[in-house]
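Asks: Please read through the structure below; I'll follow up with questions.
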Amino acid sequence: MARTTSLAKRLLLGRPFRSDKLQHTLLPKRIALPVFASDALSSVAYAPDEILLTLSIAGAGAYLYSPWVTLAVAVVMVTVVASYRQNVHAYPSGGGDYEVATVNLGSRAGLGVASALLVDYILTVAVSISSGVSNLGSVIPWVATHKVIIAIIAIVVLSALNLRGLRESGAAFAVPTYLFIVVIVGMILTGLFRVFVLGDDLRAPSAALTIVAEDEFTQAGFAFLLLRTFSSGCAALTGVEAISNGVPAFKKPKSKNAATTLLLLGGISIVMLYGIILLAQATHLKFVENPMLQIVPNAASEGYVQKTVTTQLAETVFGSGSVLLYLVGAVTALILFLAANTAFNGFPVLGSILAQDRYLPRQLHTRGDRLAFSNGIVFLAVAAMVLIVAFEAEVTRLIQLYIVGVFVSFTLSQAGMILHWNRLLRTQRDPARRRQMIRSRAINTFGMLLTGAVLIVVLVTKFLLGAWIAIAAMIVIYGLMVAIHRHYTRVAEELKPTDERPVLPSRNHAIVLVSKVHQPTLRALAYAQATRPDTLTAVTVNVDDNDTRSIQAEWERRQLPVPLTVVDSPYREITRPIIEFVKNTRRASPRDVVTVFVPEYVVGRWWENLLHNQSALRIKGRLLFEPGVMVVSVPWQLRSSQDRDLDRLDRVLSRAPARGPRAQPTQEDGDQP
């Protein structure tokens, strides 16, 4: 089974990379932008939808406020980008918000940031994939009726791409990301040019609809609705923090390249987001929260199916049924699928750092065959699939859980950066450096105040709509990380060597388990004798009298020099009588050691494991908990385990030439099997 799994792994994921090839997986800026910034860039596909549908609750007249709400979101984006440019220069190790908060605010604040980011990364995958399916469903109706299964398939494919390694996934995502930027910007410029320069009367498919408010709003209620709209629009900021977590993946100079990528990310996102809102207003586009209740039945609404904002704009600008319309729909869906890659790059890196600090299982710390954090990628994929199934891939339901975590990390990170600059200013004497630090501190201070205010708005406007679920998840993850850290600390304390010299056991009692007198048993007896124990006993359990008498007869016929002890088992149990016999052997002298030799078959096919070794596994598992007892497995390889065909194929695949320039053969390469 192991060889079959290994073969499938090589075929799907490729040959493993040596550890010294890690430097070749680092990313230049042109690849890092689509890898780390695709989440924030793709948010223009669902952030405008959320802005318009939230405003629609107050009626069509509220759409006049959409540019102002978007402008407020753009101000927050500029502030966050400027603040994080300070972060990546000060902390280039890749810890991002977690490292900043831990170093400057303490471990509790760091864990709070980490739990918030972990939840937000999972939601990033769920929201991006669900939004991609919705956009694709606007063009292909069949997709809209199978959203959940298509979303799960997309996550599986995306996980496989990331498991192949960071550089290959970056190259795979670069073309669609840049194509998305070109298509969306081209659509915006074409539409605005036709409206404001050529004077064309472009009207969206939903322009003729008559919509009504869901409720009557007072002045205070409408102000609250604007705040809720702003908080939904702030979904456009998710993904900014991923670059600060992924600085180690950049090529040198790492900090400078990461800061440049952040600047590009912010500029492109703002242009696309604001352009879509302006074009939607110019074409009188309508997008509502509840079409069944808010759209007034008339001739225009007959047979109307609400499509996403980008799909409506593409149809308005390029025409219904045009190739460019389908191109916009396909590219938008694709970039939303790939936007989840931001989380697939950020989550495993953060998980590795937390595992190194003993807050998460150690399995998340190490890289896999392809130098990717494979366990973190798999965990993220499974968690996102659970969310998609639970919320039926509905973006509007998932978005309510979104962005709470990211603004928690934004705020705590900027607070930590203020303390960072204060600490450096106390020892820095160079005037130029001091001016630079004071400027950076001012940027981070403004960033903390603004993101803190946004966090309060998000909590107030979204708590009852679903944000409480994200907060509860953060609390649970925080508690789990604390418990894991306590466990690792306790284990490390128990395993710490003392100054006392270890006390040697008085005697070693060897016990060989016997089920039949066959080759595995004879090998175990010979090996036990070779260890020269103080006493040696063979033990068999009497489950069937005839079988036991056959074993005794064969034992005497072969004149084996080891005494055979028969343990009765009136209830036909095997494990319990052996455990009791071992306990009694050691109970006579607590300073003695008992070594139990367990003969085992080694089989070559997965289904053969179901037919053998179950008793041996149960006995070994139980004996491991007995103090002063050592368990030794003595393997006997059956013929099926000696089949080398798959191994040979595995070696052929592992020697296949890598793409790119051929490397010169070395002695080390020649020594590989």
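The values are calculated or read from the model by the stated rules, or taken from the named source; none is laboratory data. Fair warning: this is a prediction, and the values are worked out from it, not measured in the lab. Cβ atoms come from the backbone with ideal geometry, glycine included; neighbour counts cover every protein chain shown. Side chains are part of the model used for accessible areas, which takes the heavy atoms of the whole protein and leaves out ligands, DNA and RNA. Shrake-Rupley method; radii C 1.70, N 1.55, O 1.52, S 1.80 Å.
Asks: Quick check on segment 162-176. Is at least one of its residues surrounded by 13 or more Cβ atoms within 10 Å (Cβ to Cβ), under 26 Å from TYR402 (Cβ atoms), aliphatic (A, V, I, L, M) and at pLDDT 80 or above?
Replies: Among the residues of segment 162-176, not one is surrounded by 13 or more Cβ atoms within 10 Å (Cβ to Cβ), under 26 Å from TYR402 (Cβ atoms), aliphatic (A, V, I, L, M) and at pLDDT 80 or above, which makes the answer no.
Asks: Kindly check whether there is at least one residue in segment 212-233 that is farther than 30 Å from VAL100 by Cβ, assigned to a helix (DSSP H, G or I), touching a Ser or Thr at 6+ places or on another chain (Cβ under 6 Å) and not charged (D, E, K, R).
Replies: yes
Asks: Can you pull out the residues in segment 478-490 that are touching a residue at least 12 places away in the same chain (Cβ under 8 Å) and open to solvent by less than 40 Å² (accessible area, probe 1.4 Å)?
Replies: Those that are touching a residue at least 12 places away in the same chain (Cβ under 8 Å) and open to solvent by less than 40 Å² (accessible area, probe 1.4 Å): MET481, VAL482.
Asks: Of all residues in segment 187-207, how many are open to solvent by less than 70 Å² (accessible area, probe 1.4 Å) and either in a loop (DSSP other than H, G, I, E, B) or farther than 30 Å from VAL331 by Cα (or both)?
Replies: 7
Asks: Give, as residue ranges, the strands (runs of 3 or more DSSP E) completely inside segment 505-580 that count at least 1 residues that are modelled with pLDDT of 90 or more, surrounded by 15 or more Cβ atoms within 10 Å (Cβ to Cβ) and of a type in the set (Gly, Ala, Ser).
Replies: Correct list: 508-513, 535-542.
Asks: Run down LEU264, LEU279, LEU293, LEU285 and say which single residue is in a loop (DSSP other than H, G, I, E, B) and either in contact with a Lys or Arg (Cβ under 6 Å, 6 or more places away or on another chain) or in contact (Cβ under 8 Å) with a residue 24 or more places away in the chain (or both).
Replies: Residue meeting the stated conditions: LEU285.
Asks: Tell me which of these SER301 doesn't satisfy, since it passes every other one: (1) without any contact (Cβ under 8 Å) to a residue 40 or more places away in the chain; (2) in contact with a strand residue (DSSP E or B) (Cβ under 7 Å, 6 or more places away or on another chain).
Replies: Only one criterion is unmet by SER301, namely (1).
Asks: Of the conditions (1) assigned to a loop (DSSP other than H, G, I, E, B); (2) touching a helix residue (DSSP H, G or I) at 6+ places or on another chain (Cβ under 7 Å), LEU424 satisfies every one except a single condition; which number is it?
Replies: Failing condition for LEU424: (1).
Asks: Of all residues in segment 391-417, count the ones that are within 20 Å of the chain's Cα centre (by Cα), open to solvent by 10 Å² or more (accessible area, probe 1.4 Å) and closer than 17 Å to THR445 by Cβ.
Replies: Looking only at that region, the number is 0.
Asks: Also: Please tell me if PRO34 is modelled with pLDDT under 80 and touching a strand residue (DSSP E or B) at 6+ places or on another chain (Cβ under 9 Å).
Replies: No.
Residue by residue, here is whether (1) closer than 27 Å to GLY59 by Cβ; (2) of a type in the set (D, E, K, R); (3) modelled with pLDDT under 90 holds:
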| site | (1), (2), (3) |
| --- | --- |
| ARG194 | no, yes, no |
| ALA204 | yes, no, yes |
| ALA207 | yes, no, yes |
| PHE217 | yes, no, yes |
| LEU227 | yes, no, yes |
| THR260 | no, no, yes |
| SER269 | no, no, yes |
| ALA282 | yes, no, no |
| PHE287 | yes, no, yes |
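Asks: Next question. Does segment 317-332 contain any residue that is over 19 Å from ALA144 (Cα atoms), open to solvent by less than 40 Å² (accessible area, probe 1.4 Å) and in contact (Cβ under 8 Å) with a residue 60 or more places away in the chain?
Replies: Looking for residues that are over 19 Å from ALA144 (Cα atoms), open to solvent by less than 40 Å² (accessible area, probe 1.4 Å) and in contact (Cβ under 8 Å) with a residue 60 or more places away in the chain, one finds at least one in segment 317-332, hence yes.
Asks: Still on this model: Among the residues of segment 337-349, are any at pLDDT 80 or above, over 27 Å from MET272 (Cα atoms) and surrounded by fewer than 24 Cβ atoms within 10 Å (Cβ to Cβ)?
Replies: No, segment 337-349 contains no residue that is at pLDDT 80 or above, over 27 Å from MET272 (Cα atoms) and surrounded by fewer than 24 Cβ atoms within 10 Å (Cβ to Cβ).
Condition check ((1) of a type in the set (Gly, Ala, Ser); (2) at pLDDT 90 or above) across all residues:
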residue: ARG429; (1), (2): no, no
residue: ALA432; (1), (2): yes, no
residue: GLN436; (1), (2): no, no
residue: GLY452; (1), (2): yes, no
residue: LYS462; (1), (2): no, no
residue: LEU465; (1), (2): no, no
residue: ILE477; (1), (2): no, yes
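Asks: Just need a number here: residues in segment 585-599 that are farther than 13 Å from PRO505 by Cβ and surrounded by 22 or more Cβ atoms within 10 Å (Cβ to Cβ).
Replies: Within segment 585-599, residues that are farther than 13 Å from PRO505 by Cβ and surrounded by 22 or more Cβ atoms within 10 Å (Cβ to Cβ) number 4.
Asks: Output the number of residues of segment 438-466 satisfying the condition of being touching a Cys at 6+ places or on another chain (Cβ under 7 Å) and surrounded by fewer than 21 Cβ atoms within 10 Å (Cβ to Cβ).
Replies: So the answer is 0.
Asks: Looking at segment 589-600, can you tell me whether even one residue there is assigned to a helix (DSSP H, G or I) and at pLDDT 60 or above?
Replies: Scanning segment 589-600, I find no residue that is assigned to a helix (DSSP H, G or I) and at pLDDT 60 or above, so the answer is no.
Asks: Let me ask something else. Surrounded by fewer than 16 Cβ atoms within 10 Å (Cβ to Cβ) and either farther than 30 Å from LEU262 by Cβ or touching a residue at least 24 places away in the same chain (Cβ under 8 Å) (or both): is that true of VAL183 in this structure?
Replies: Here the answer is no, as VAL183 does not meet what is asked.
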